[in-house]
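To start, the structure itself, in structure tokens.
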């Protein structure tokens, strides 16, 4: 997919109301990269749908930014939602990148990286000295992108089934 950005310039802009169907329509893609073996598929799909709906609803809200990456023809390729949060350690206001989703046909083309950099820029403009995010441990592609961009583990959340459904 690297040919995508070579053939089409990719830009990032603020999401507009007409982007809401695209944003909510990426719930399936978010569910794909969010699957965990011990979580029922319908719960994962609900989680993803909620995340995308919350992003669409946050457009224009104070303390939030929803961004869409699109090619030079205007075709949307992915979105990110970042908002202000409070650091649990210091109490300072930080940026929190709550979701980044790239359309399947744009995966691996640098669209996600561009969205993350745009979210970082927004957080800086809000006066934040720190931005945080969460990523599924199984999402090796996203983890590698974040690491290349300088993100480091801050906490690590572990899970264990106690009902012997899966080990």
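Readers should treat all values here as calculations from the given coordinates under stated rules, not as data from a laboratory. What you see is a predicted model; the values in this text were computed from it and never measured. FYI the Cβ positions are ideal-geometry reconstructions off the backbone, even for glycines, and counts take in every protein chain you see.
For this structure, a couple of remarks:
- Taking the convex hull of Cα positions in region 89-157, its mean projected area over all directions (nm²): 5.0 nm²
- Neighbour-count ranking [beta-carbon atoms within 10 angstrom, fewest first] of 121, 163, 105, 85: 163, 105, 121, 85
- Ranked 52, 87, 128, criterion: other C-beta atoms within 10 Å, fewest first: 87, 128, 52
- Ratio Rg/Rh, restricted to the chain and using Cα atoms, in which Rh is the Kirkwood radius: 0.97
- Taking every alpha-carbon pair under 8 Å whose residues sit at least 6 apart, the chain reaches a relative contact order of 23 percent.
- Inter-centroid distance (Cα atoms) of region 1-80 relative to region 108-154, Å: 15 Å
- Here the residues 131, 23, ranked from fewest to most Cβ neighbours within 10 Å of their Cβ, fall in the order 131, 23.
- Under a Gaussian network description of the chain, with springs only between Cα atoms under 10 Å, the residue in 48, 80, 140 that fluctuates furthest is 140.
- Prolate/oblate/rounded label for region 1-97 (Cα gyration tensor, a/c 1.5): oblate
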